[in-house]
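Enquirer: Dropping a structure here in structure tokens format, bear with me for questions.
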Amino acid sequence: MTQRRTFLIASAAALAAPTLPRARTDTLRSAIDSLPQLHSIQVQRGDDVLLAEAPRGPGLSRLANIKSCSKSVVALLLGCAVDRGAVPGVGATLGQVAPRILPRNATEGAAEITLEDLVTLRAGLERTSGPNYGPWVSSGNWLADVLSRPMVDQPGGRMLYSTGSTHILGAALAEATGRSLLALARDWLGQPLDIEIPPWTRDPQGYYLGGNEMALRPTAMLKLALLMRDGGRVGGMQVVSSDWVAQSTEPRARSPWSGLGYGYGWFLSRTGWVLGRGYGGQIIAAHPARDLAVAITSDPTQPARSGGYFGELMALLDGPILGLA
């Protein structure tokens, strides 16, 4: 077995250990050992870090590609924009907020897609994820490509998981504010949370990819989980309004693959988890009712299907981790 590299905060461990039966922690450790794809895991209950380990991978303090957890970050930025009045609200349309990104050959009805349609992945446009992802990012204009794709459902209809939808949302926020998505992320999340947000992939027109390829340290991922757990507050500061967090965690769609609900950029489990989920098994998770926050990184080159590794991670969350509360 690969030697575990453990990073425990001594004071937190001292506080937590007497309250946790050994059998519970042993069960969690045994479950982690059986997941060779897992790189790191952190579990915090209240103010106590119960577990902070990196049995594989680069460790807790190195940047990790959070993949589609980026969608949850963009959703938080939309909330910040709404809170600040930078956009009129989630009912605003692309035609109102960002007409400049609409191509001349935009699909009929594209201008009427709302910010809510985009953040809930219900834009109605043909998906750019899955087998369509490679051709999409190989195109010369990602926004023009996705906005000229056919409507396969009405906007606001069924959930169509598509990075293209979140990319449109990120570009719309950049247009509405006159600032890049990177600048917004650093000012609205990075600075108040004291986390590093380095530059990431941009499209051929210079818009930062809204929905994939962001890199964060696992410790920063945990802070985002705490933000969602604590109603948008961190260290006594209201970073995102509690109203936005409440709206984000109201199910508005359902994934046809995992069966999980979906709110404003966050998956929602029947057991109470609020989840950012990224390819390979990247997870930012909060369970407000149990006062838990969790961050998990995994091998970003391997798939994590709902019936495979992601299902095993959900079993980890619903079993040994909930058992720590």
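Enquirer: Residues to consider are A176, A215, A172, A183; find the one that is farther than 20 Å from A81 by Cβ and of a type in the set (A, V, I, L, M). Before you say what the answer is, go through the steps one by one.
Expert: On the way: A176 fails: farther than 20 Å from A81 by Cβ; A172 fails: farther than 20 Å from A81 by Cβ; A183 fails: farther than 20 Å from A81 by Cβ.
One residue alone meets the criteria, A215.
Enquirer: What pairs can you find where one residue is in region 22-49 and closer than 29 Å to P303 by Cβ and in the same structural domain as D230 (by TED's automatic domain parsing), the other is in a loop (DSSP other than H, G, I, E, B) and among the aliphatic types (A, V, I, L, M), and their Cβ atoms are less than 8 Å apart, with a gap of 6+ or different chains?
Expert: D33/M1; Q37/A304; S40/L60; Q42/L60
Enquirer: Residue pairs, Cβ under 9 Å, 6 or more apart or interchain, first in region 134-161 and assigned by TED's automatic domain parsing to the domain that holds N105 and within 20 Å of G265 (Cβ to Cβ), second loosely packed, with under 14 Cβ neighbours inside 10 Å and among the small types (G, A, S). List them.
Expert: Pairs found: P155/G109; Y161/G130.
Enquirer: Hey, D117 hits all of (1) in a helix (DSSP H, G or I); (2) charged (D, E, K, R); (3) surrounded by fewer than 21 Cβ atoms within 10 Å (Cβ to Cβ) but one; which does it fall short on?
Expert: (3)
Enquirer: Residue under question is G272, and the condition is that it be in contact with a His (Cβ under 6 Å, 6 or more places away or on another chain), at pLDDT 95 or above and within 21 Å of L76 (Cβ to Cβ); does it hold? Before you say what the answer is, go through the steps one by one.
Expert: On the way: in contact with a His (Cβ under 6 Å, 6 or more places away or on another chain): yes; at pLDDT 95 or above: yes; within 21 Å of L76 (Cβ to Cβ): yes.
So G272 passes the test.
Enquirer: Okay, moving on. Any residue at all in region 173-182 that's among the aliphatic types (A, V, I, L, M) and either touching an Asp or Glu at 6+ places or on another chain (Cβ under 9 Å) or free of Cβ contacts under 8 Å to residues at least 12 places away in the same chain (or both)?
Expert: No, region 173-182 contains no residue that is among the aliphatic types (A, V, I, L, M) and either touching an Asp or Glu at 6+ places or on another chain (Cβ under 9 Å) or free of Cβ contacts under 8 Å to residues at least 12 places away in the same chain (or both).
Enquirer: Which residue is nearest to S165 (Cα to Cα), if the candidates are limited to region 256-313 and must be among the hydroxyl-bearing types (S, T, Y) and more than 15 Å from the chain's Cα centre (by Cα)? Let's see the steps before the verdict.
Expert: Initially, region 256-313 is screened for residues among the hydroxyl-bearing types (S, T, Y), giving 258, 262, 264, 269, 271, 279, 297-298, 301, 306, 309.
Next, from what is left, pick out any that are more than 15 Å from the chain's Cα centre (by Cα): 258, 271, 301, 306, 309.
Working: S258: 19, T271: 27, T301: 23, S306: 22, Y309: 26 Å.
In this case the residue turns out to be S258.
Enquirer: For region 288-300, indicate whether the set of residues that are modelled with pLDDT of 95 or more, in contact with a Ser or Thr (Cβ under 9 Å, 6 or more places away or on another chain), closer than 17 Å to A31 by Cβ and not polar (S, T, N, Q) is non-empty.
Expert: Quick first cut of region 288-300, residues modelled with pLDDT of 95 or more only: 288-300.
Okay, now just the ones that are also in contact with a Ser or Thr (Cβ under 9 Å, 6 or more places away or on another chain), so 288, 295-298.
Still in the list and also closer than 17 Å to A31 by Cβ: 295-298.
In the following step, the residues that additionally are not polar (S, T, N, Q) were identified as 295-296.
Yes, that holds for at least one residue.
Enquirer: What about P88, is it out of contact with any helix residue (DSSP H, G or I) (no Cβ under 6 Å at 6 or more places or on another chain) and surrounded by fewer than 18 Cβ atoms within 10 Å (Cβ to Cβ)?
Expert: yes
The values are calculated or read from the model by the stated rules, or taken from the named source; none is laboratory data. Predicted model, so just to flag it, every value in this text is computed and none were measured. Every residue, glycine among them, receives a Cβ derived from its backbone with ideal geometry; neighbour counts consider all protein chains shown.
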